[in-house]
């Protein structure tokens with residue numbers, strides 16, 4: 001199932017994409033960013049990068065899908081997909097974070113907390129986008145349909161993540177356990193929904 | 001389905017709603033600072049969200065039913081349920097917005113409950129867009145049922161988790177030390193109007209949905 005690793009081309013494309021988006025935001029803001037703006041901009045970057053990264057997961061693989069269809073069960077397939085997309089997005093977001101703090105500075109005080117929130121949020125985002133792509137792909141709609149479907153559903157994740165990461169920028173991070181637990185719960189719920197619902201998208 | 005065609009609950013609905021409108025504007029309410037007479041919005045605004053949740057839940061049940069056993073009728077009920085729920089969601093937004101203008105001084109503020117409402121409306125609009133973009137009837141039914149379950153659960157989780165996050169406070173009545181719906185409901189005069197109002201509006205939502213469902217059945221029959 002890990003046949004995705006072969007496509008190195010997408011890795012290079014995504015790295016280039018990160019570099020250019022980060023650089024554009026750096027050019028747009030000439031002065032130093034205050035933490036609130038930094039935080040907002042960072043999550044917007046993450047959305048766009050993950051949209052770009054996830055768009056490769058179902059697009060243009062009708063033939064390949066037909067082949068996989070004969071090999072594995074849909075539940076196995078979606079779990080492998082979530083795992084792969086999750087790990088891929090984690091690496092990508094770490095790269096984005098490094099690039100972003102290189103250009104725009106790094107106001108994060110509590111790095112461990114920030115990383116934890118980023119990892120949990122990005123994991124959730126990638127599984128949600130995977131599901132949204134599966135739905136919109138079956139619907140025959142392009143990128144627009146995908147955006148319409150996924151944005152409202154992404155908001156809970158983003159708001160929670162932004163909340164935790166803004167705590168991580170203050171010196172004394174207070175009471176973040178509940179928010180991290182909320183993020184984790186969201187991830188678990190999204191994964192469970194994917195697991196339960198994907199088979200219905202699969203057969204055709 | 002027998003229940004849907006019976007007329008007693010529609011009569012009940014009309015009686016309750018007439019009572020709500022008349023008593024809602026005339027019966028004595030507690031005089032609270034800032035709120036004053038706008039407290040009467042409780043009979044309309046809150047009921048809209050109750051009705052919306054009721055009708056979306058019905059839609060969710062029929063979506064799950066469709067996924068278990070694909071029958072066209074389940075799809076009709078699920079999709080018309082969403083269409084009806086959207087009407088109530090928009091009415092809820094309008095009544096809330098008007099109320100906010102007179103008490104908070106703004107049509108819209110950045111508040112957890114308001115964000116929850118906005119997300120709900122957006123994700124159900126997405127449902128409508130999704131349906132309209134698929135041509136094949138069965139595919140449309142199946143995919144939109146999957147999305148409906150997904151969106152409902154996410155919406156519910158969001159509405160439950162988000163206001164409980166630390167550091168997030170809400171101006172909305174019932175939160176952040178503001179007197180909420182429980183404090184008002186203690187008032188006898190409000191209670192005798194509010195409970196019938198909820199039942200009346202929920203019945204109205206069921207009525208509108210049942211008309212929509214029957215209309216859609218006729219349309220599809222003619223089509224075939």
Given (1) within 30 Å of residue A:178 (Cα to Cα); (2) crowded, with 19+ Cβ neighbours inside 10 Å, residue B:143 misses just (1)
Members of segment A:140-158 that are facing chain B (nearest Cβ under 7 Å) and buried (at least 23 other Cβ atoms within 10 Å of the Cβ): A:149, A:153, A:156
Note on segment A:5-53: residues over 17 Å from the mean Cα position of the chain (by Cα) and at pLDDT below 70 are A:5, A:6, A:7, A:8, A:9, A:30, A:31, A:32, A:33
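Confirm whether residue B:69 is surrounded by fewer than 17 Cβ atoms within 10 Å (Cβ to Cβ) and either within 20 Å of residue B:142 (Cα to Cα) or in contact with a strand residue (DSSP E or B) (Cβ under 9 Å, 6 or more places away or on another chain) (or both).
For residue B:69, the condition - surrounded by fewer than 17 Cβ atoms within 10 Å (Cβ to Cβ) and either within 20 Å of residue B:142 (Cα to Cα) or in contact with a strand residue (DSSP E or B) (Cβ under 9 Å, 6 or more places away or on another chain) (or both) - is met.
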Test residue A:100 against the criterion of being surrounded by 15 or more Cβ atoms within 10 Å (Cβ to Cβ), away from chain B (no Cβ under 11 Å) and assigned to a helix (DSSP H, G or I), and give yes or no. yes
Tell me the helices (runs of 4 or more DSSP H) entirely within segment B:19-138 that contain at least 2 residues that are more than 13 Å from chain A (Cβ to nearest Cβ). B:45-68, B:72-103
Considering (1) farther than 21 Å from residue B:127 by Cα; (2) more than 7 Å from every other protein chain (Cβ to nearest Cβ); (3) in a helix (DSSP H, G or I); (4) modelled with pLDDT under 80, say which one residue A:178 fails and leave the rest. (2)
For segment B:156-163, state whether one or more residues are surrounded by 15 or more Cβ atoms within 10 Å (Cβ to Cβ) and closer than 25 Å to residue B:204 by Cα. yes
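The values are calculated or read from the model by the stated rules, or taken from the named source; none is laboratory data. Everything numeric here is computed off the predicted structure, so don't read it as measured data. Note: ideal-geometry Cβ built from the backbone for every residue, glycine included; neighbour counts use all protein chains shown.
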